[in-house]
1. What average number of partner chain Cβ atoms lie no more than 10 Å from the Cβ of the residues making up B:72-80?
2. Within 10 Å of each candidate Cβ there may be at most 13 other Cβ atoms; applying that plus a DSSP loop requirement, which trypsin sites (Lys or Arg not before Pro) in the range B:115-148 survive?
3. Set Lys and Arg Cβ to +1 and Asp and Glu Cβ to -1, take the dipole of the protein assembly as shown about its Cα centre, and tell me which of B:Phe103, B:Ser238, A:Pro203 lies farthest positive.
4. Computed FRET efficiency, Cβ-Cβ of A:Leu15 and B:Asp234, R0 60 Å: what is it to the nearest 0.05?
5. What ranking of A:Val108, B:Val77, B:Val158 emerges when the number of other C-beta atoms within 10 Å of each C-beta is taken as an exposure proxy, fewest first?
6. What distance in nm lies between label points placed 7 Å from Cα along the C-beta direction at B:Lys182 and A:Met191?
7. List the pairs from B:Lys50/B:Lys157; A:Lys250/B:Lys50; A:Lys44/A:Lys133; A:Lys78/B:Lys78; B:Lys76/B:Lys157; A:Lys249/B:Lys76 whose alpha-carbon separation is above 20 Å, in the order I gave them.
8. Does anyone have the angle between helix A:27-41 and the longest principal axis of chain A? Alpha-carbon axes, 0 to 90°, nearest 10?
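None of the figures in this text is laboratory data; all of them are computed from the coordinates on show. If you're wondering where the values come from, they're calculated on a predicted model, not measured in any experiment. Here the Cβ positions follow ideal geometry from the backbone for every residue, glycine too, while neighbour counts run over all protein chains shown.
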Amino acid sequence: MRSIEFSKRTTREILRDPLSYIFCLGFPIIMLIIMTVVDRSIPKEAQMNIFKIHALAPGMAVFGLTFVMLFTCIQLSKDRTTAFLTRLYASPMRSVDFIIGYTLPSVVLALIQVMITYICSFIIAAIVGGDLKLFNMLFSVVCLLPSVLLYIGFGLLFGALLNDKAAPGVCSIVITLSCMIGGIWMDVDGMGGGIKSLSHCLPFYHGVQAVRMAVSGDMRRVTKPLIITLLYATVIYILAVVLMRGKMKKDVR
Amino acid sequence: MSERYGIEIKNLRKEFGSKVAVNDISLNIKEGQLFSMLGVNGAGKTTTIKMLMGLSKPTAGDALIMGNSILTDLPKVKQISNFSPQETSVAPNLTVRENLDFFARIYGYDKKKADELAEDMIEKFTLQEVEKSKAKTLSGGWQRRLSIAMALISSPKVLFLDEPTLGLDVLARRELWRVIEKLKGKMTIVLTTHYMEEAEHLSDEIAIMVGGEIKALGTLEEIKKLTGKDNLEDAFISIAEE
Ligand SMILES: Nc1ncnc2c1ncn2[C@@H]1O[C@H](COP(=O)(O)OP(=O)(O)OP(=O)(O)O)[C@@H](O)[C@H]1O
Ligand SMILES: [Mg+2]
C-alpha cells in the first residue's frame, strides 16, 4: 500500500500546481478549437486532412501525452533534488513503490486528459460536422495505451537522468519530434523522403497512426503501428525503470 | 533498564574517494539514551548518521540498530528507525496534516491509526494553526518542526535528529527541547548539534568528532573532567583544536 500512498502524494503534488491544469487540460481544448478554425480556412483543394476532427482528435490525444511526459519528468527530477526523497529512501519504501508511485498518477492524468480531449472533439464534431463513432473512439483509447506507457517512460527516463533545469529542455525535443515527424501537426506521409523514413523509424508516428486508424474505423491497419509502439514503449519503460533503480542505488553512496 | 544497546557501531568507516569522512569509529549507545554528536563542520556527523540509516554504504565496518545489522537487515532497520535530516524536508504541496498522514502510512499504519497519530503530533508540536496550510508556505522554523514531527510519527525505536534546532527561534528551541526531553527513555536518540547548551541540556552521553574520529566520549561530567574545563564549550574547543 506504500505505492498507493506515494501515488496519492505525487498526484497531489501535480494537481496542486496550477500549470498542470493549464497544460494538461486547458491546452488541448484550446488547440482543438484553434486547429478546427485553421482547418476551416484551408481550401478544400489542398487535400489537408490532418486537421479534420477525425484526425485531429487522435493527434491531440497524443499531443496531450507529451505534456504528461513533461510533468512526470519535472516531478521526478524536482523530487530528486530535495532532501525529501532522501528521507523517503530511509523509510521502508522500496524501489517498486517509487516506480509505481510515479507511474500511476501519470496514467490517471493521461486518461483524464484523453477523456476531456474526446468530449471536446465530440462537441466540435457536432458543431462543424464530422463523423466520430463512439465505439471507434473508445477502442482508440485502448490503442493509445502503448503511447501512454511510451511517454511516461520517457518522462521517467529523463527525470531520472537529468536535473530539473535540463529536464524540460530535453522533453521539449521529444515534444517537437512528436508534433512534427510524429505527424500530429504535419502530414509526414505526404512529405516523403528522409523525413518520412525517419518518422517511420521512431515510435511517435506509429503511436499517432494506431489511434488515427482506430478512430477512422480502419481496424486492420491498427495492428502494425500498435505493435511497433508497444515494443518501443516496453523498451523505453523498462530502460527508465532500470535507470531509476540504478540512480536510487547510486544516491545511496 | 538492563544494559541493552540501541545502537552498536563496529569499526564503521566511510571514504569518499581519497577522503576519509568517518574513520573506523566504534561505540555503543544504550537503549533509551540520548546521545549527542558534536564536531566542527565536516567532522563526519551527518555521514555517520546516514550510514546508520542505510542512506550511505559504509566502506567498512557494521552497525547494529536494536540488534539489526545495517548491512544485512536494512529493511528492519528502516522500519524501526526514523530521522529528521539536516536540511528540512517536507512535501511542499501537501498540507501539514497530509505530510504527517503520509509518513504514518508509509511506515505501515492504517488510515485510522495514521489520523490519530497525526492529530497527536499536531498537538505535541502545536501545529494546529497551520495544519491546513501547504508545507511550502510555512516559515523555515515551522517547516523544521513539521519535519521533526514527521520523524516521530512512526514511533521509532531509534531516532536520528541531525541539527534539529537549526534555524529555530529561542522559544521554539526551548519548546523542542521539552518535546525531546519527554521522549527520553522511550527511544534511543542520536542528535547532532552546534549548540553546546543544547547538548549540555539534553544529553546522557556526548561524543566529540574531529576529522572523522571520535576524540572524546562520555557523560558531560566525564568530558569536562577529561579536559579539565568547567563547561562544555571550553572542553569542545580544547579537543577540536588539538
Ligand atoms: N557525498 C559526498 N561526496 C564526497 N564527500 C562527501 C560527501 N558527503 C560528505 N562528504 C565529505 O565528508 C566529510 C564529512 O561530512 P559530513 O557531512 O558528515 O560532516 P558534518 O559533521 O555533518 O558537518 P556539518 O556540521 O557541516 O553538517 C566532509 O569533508 C564532506 O565534504
Ligand atoms: Mg551535518
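1. Counting Cβ atoms of other protein chains within 10 Å of each residue's Cβ and averaging gives 2.
2. B:Lys132
3. Farthest towards the positive pole: A:Pro203.
4. Taking R0 as 60 Å, the efficiency between A:Leu15 and B:Asp234 is 0.65.
5. Fewest-to-most Cβ neighbours within 10 Å comes out as A:Val108, B:Val158, B:Val77.
6. 6.7
7. Cα-Cα > 20 Å for A:Lys44/A:Lys133; A:Lys78/B:Lys78; rest within.
8. 20
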